[in-house]
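Novice: Before I ask anything, here is the structure I am working with.
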Amino acid sequence: MNRTKLGLLGLCAVVLGIMAMSASSAQAFSWLLLNTKMEAVPYLNALLAYRSDTKDLTLFTKEVGIKFAITCSGEETVGISLAAEGKLNTGGKIKYTGCEAYGKGSLEEALGCKVHSAGQAAGTVETGKLKGELVLHELAGGTKELLTKVEPEAGSTGTLATILTEGCVIPESNPVHGVLYARDCEGKATEHKAEHLIVSGPLTSLWVGSDTAEHLETSVSGSVWVLLAGPHLGYLFGWMEP
């Protein structure tokens, strides 16, 4: 199967080595929606949805000495909405479909095993309950970038997702820990658009299983378009500066 191979932040030219790795709460920022008449409206707990951009979203990792990749061809939000003070509601989830396992940390050796999460059909992985908020990341030279921090509902003690496998060489249970920082790949976080293209951003820190040196070999690739759903479908939205 021919699959697009993307490195971490493959769609954005970002040199992490020159970044000052720090972030602070951006509660002074908030969501702003513009309706079809271009009138500003409150966030109204507007639901968020995903639209695929790249062919696959992929988690590359190493656990107990084994390099492998989990790649999924589809994704959807489950009850994720905008909340007050530049936050996301607590308790939303993300569901990934068409998930497969590959060996040696590449997308060339399909392992042929069943991949899923508890209670889900083969090929479907659903995260645990999540929460999120806007944070301000300061880059070298004083430039600042607005990111959306996504983590388990329980914070640092929680699990983003647990990937179960059956019938292959990688562990049967693979808990994914850490925190994901999403960034607007086009640098248009504060522009009001119907869709924003997001990727995994700087400060993202993920690991599978235990937090060991293998932590450094865990990354994600791929991108998705984020848009509003439900009664706010077609509204423009962005991150409003104070």
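Novice: Restricting attention to region 15-36, which residues are β-branched (Val, Ile, Thr) and modelled with pLDDT under 50?
Specialist: 15, 18
Novice: Among the residues of region 72-105, write down those that are in a loop (DSSP other than H, G, I, E, B), of a type outside the set (Val, Ile, Thr) and surrounded by 14 or more Cβ atoms within 10 Å (Cβ to Cβ). So that I can check it myself, show each step before the final result.
Specialist: Step one: filter region 72-105 for residues in a loop (DSSP other than H, G, I, E, B), giving 73, 79-80, 84-86, 98-99, 104-105.
When the remaining residues are screened for being of a type outside the set (Val, Ile, Thr), the result is 73, 79, 84-86, 98-99, 104-105.
Matches in region 72-105: 73, 85, 86, 98, 99, 105.
Novice: Okay, moving on. Kindly provide the set of residues from region 100-118 that are touching a residue at least 60 places away in the same chain (Cβ under 8 Å) and either within 18 Å of the chain's Cα centre (by Cα) or within 15 Å of residue 167 (Cα to Cα) (or both), ordered by number.
Specialist: Correct list: 101, 103, 110.
Novice: If residue 150 satisfies all but one of (1) closer than 30 Å to residue 102 by Cβ; (2) in a loop (DSSP other than H, G, I, E, B); (3) hydrophobic (A, V, I, L, M, F, W, C), what's the number of the condition it fails?
Specialist: (2)
Novice: Answer yes or no: is there a residue in region 156-169 that is within 12 Å of the chain's Cα centre (by Cα) and more than 19 Å from residue 72 (Cα to Cα).
Specialist: Looking for residues that are within 12 Å of the chain's Cα centre (by Cα) and more than 19 Å from residue 72 (Cα to Cα), one finds none in region 156-169, hence no.
Novice: Inside region 115-163, can you point out the residues that are farther than 30 Å from residue 31 by Cα and surrounded by fewer than 16 Cβ atoms within 10 Å (Cβ to Cβ)?
Specialist: 118, 119, 121, 122
Novice: Still on this model: Name, by its number, the condition in (1) of a type outside the set (Val, Ile, Thr); (2) outside any loop (DSSP other than H, G, I, E, B); (3) loosely packed, with under 14 Cβ neighbours inside 10 Å; (4) at pLDDT below 90 that does not hold for residue 231.
Specialist: Condition (4) is where residue 231 drops out.
Novice: How about region 174-185: which of its residues are in contact with a Lys or Arg (Cβ under 9 Å, 6 or more places away or on another chain) and either in a loop (DSSP other than H, G, I, E, B) or surrounded by fewer than 20 Cβ atoms within 10 Å (Cβ to Cβ) (or both)?
Specialist: 179
Novice: Just to check your reading of the model, which residue among 172, 191, 166 is closer than 30 Å to residue 39 by Cβ, in contact with an Asp or Glu (Cβ under 9 Å, 6 or more places away or on another chain) and of a type in the set (Asp, Glu)?
Specialist: That would be 191, the only listed residue that is closer than 30 Å to residue 39 by Cβ, in contact with an Asp or Glu (Cβ under 9 Å, 6 or more places away or on another chain) and of a type in the set (Asp, Glu).
Novice: Does region 66-79 contain any residue that is farther than 23 Å from residue 116 by Cβ and modelled with pLDDT of 90 or more?
Specialist: So far as region 66-79 goes, no, none of its residues is farther than 23 Å from residue 116 by Cβ and modelled with pLDDT of 90 or more.
Novice: Now, a different point. Kindly indicate whether any position in region 37-50 is closer than 30 Å to residue 169 by Cα, modelled with pLDDT under 95 and part of a loop (DSSP other than H, G, I, E, B).
Specialist: no
Novice: Can you pull out every residue in region 216-227 that is outside any strand (DSSP E or B) and either in contact with a strand residue (DSSP E or B) (Cβ under 6 Å, 6 or more places away or on another chain) or charged (D, E, K, R) (or both)?
Specialist: Scanning region 216-227 gives 217, 218, 222, 223.
Novice: Does residue 128 qualify as being modelled with pLDDT of 95 or more and in a strand (DSSP E or B)?
Specialist: no
Novice: Further question: Does residue 7 meet the test of being modelled with pLDDT of 95 or more and not basic (Lys, Arg)?
Specialist: Details: modelled with pLDDT of 95 or more: no; not basic (Lys, Arg): yes.
No.
Novice: Restricting the search to region 145-174, which residues are among the aliphatic types (A, V, I, L, M) and under 20 Å from residue 224 (Cβ atoms)?
Specialist: 146, 147, 150, 160, 161, 163 - these are the residues of region 145-174 that are among the aliphatic types (A, V, I, L, M) and under 20 Å from residue 224 (Cβ atoms).
Novice: Now a separate question. Please count how many residues of region 186-215 are surrounded by fewer than 17 Cβ atoms within 10 Å (Cβ to Cβ) and part of a loop (DSSP other than H, G, I, E, B).
Specialist: Qualifying residue count for the region: 9.
Novice: Of the residues 85, 108, 145, 138, which single one is in contact with a Ser or Thr (Cβ under 6 Å, 6 or more places away or on another chain), modelled with pLDDT under 90 and more than 21 Å from residue 209 (Cβ to Cβ)?
Specialist: Only one candidate qualifies: 138.
The values are calculated or read from the model by the stated rules, or taken from the named source; none is laboratory data. Everything numeric in this text was worked out from a predicted model, so none of it was measured. Positions of Cβ are backbone-derived with ideal geometry, glycine not excepted, and every protein chain shown enters the neighbour counts.
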